[in-house]
Amino acid sequence: MMKELIDNIKIEEYKSLRDSIHVHMKLIPQVFILMVTVTCVILGYGISSKNPIVFLIPMLIIIPCGYFILSQMNEIMRKGAYLMKSYDESFKGWEYTLFKIREEGKKSLCSMATLDAVAFVAVMDSLLLICFFGYLKSSGDLEMIVKYISLKMFVWLFIMLVAILAIFISNKILKAYTFEKEKECYDSFEKKE
């Protein structure tokens, strides 16, 4: 009776975690599409309005969305590692087998998720560059921008802060689905007794 209850709890935990991973996996492209759509709408408005500040607004959308995508990727990795360590390892299931293949050095089999992460970063960074150059273009030519640096130092500091955050988040996203991150998550869980 007690063993059956424990087995049922384990089954429900497994199902719950797999469902949770599925929700995280669905959220990533939804947030990404939202980020791209809202950014493009604002950039379109910025082009028609000729107001340089409008080109900075998408940065306030891109960075939080990028961070949210990163957090979802990390949750997927942690929950997947827990499932692999707690359940999959004991019967040498699919995820555990793939993990062992990657561990043996065939890291090219990582996953399509790694390529997705590269695509997310490329689009996110491209959007940030478009925002930056849109701001420069609508502010005037580059000689005038140099003159405005002292007058608009706050804007330039904001742009630099966003660039630093973008580099940080981009780096984290690119590392989110690497074998090293997977191994780190996997090793962080103790084998269940």
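How many residues, within region 1-51, are exposed (fewer than 13 other Cβ atoms within 10 Å of the Cβ) and more than 30 Å from Cys131 (Cα to Cα)?
The qualifying residues number 16.
Condition first: of a type in the set (Phe, Trp, Tyr) and modelled with pLDDT of 90 or more. Now tell me which residues in region 59-96 satisfy that.
Narrowing region 59-96 to residues of a type in the set (Phe, Trp, Tyr): 67-68, 82, 87, 91, 94, 96.
Matches in region 59-96: Phe68 only.
Return the residues of region 40-89 that are more than 25 Å from the chain's Cα centre (by Cα) and either within 29 Å of Lys183 (Cα to Cα) or among the aromatic types (Phe, Trp, Tyr) (or both); say none if nothing qualifies.
Selection gives Tyr45, Ser86, Tyr87, Asp88, Glu89.
Quick one: which residue in Tyr14, Tyr45 is of a type outside the set (Asp, Glu), out of contact with any strand residue (DSSP E or B) (no Cβ under 6 Å at 6 or more places or on another chain) and at pLDDT below 85?
Working: Tyr45 fails: at pLDDT below 85.
Tyr14 is the lone residue from the list that is of a type outside the set (Asp, Glu), out of contact with any strand residue (DSSP E or B) (no Cβ under 6 Å at 6 or more places or on another chain) and at pLDDT below 85.
The values are calculated or read from the model by the stated rules, or taken from the named source; none is laboratory data. Keep in mind the model is a prediction, meaning the values are calculated, not measured. Ideal geometry is used to build each Cβ from the backbone, glycine not excepted, and the neighbour counts take in all protein chains shown.
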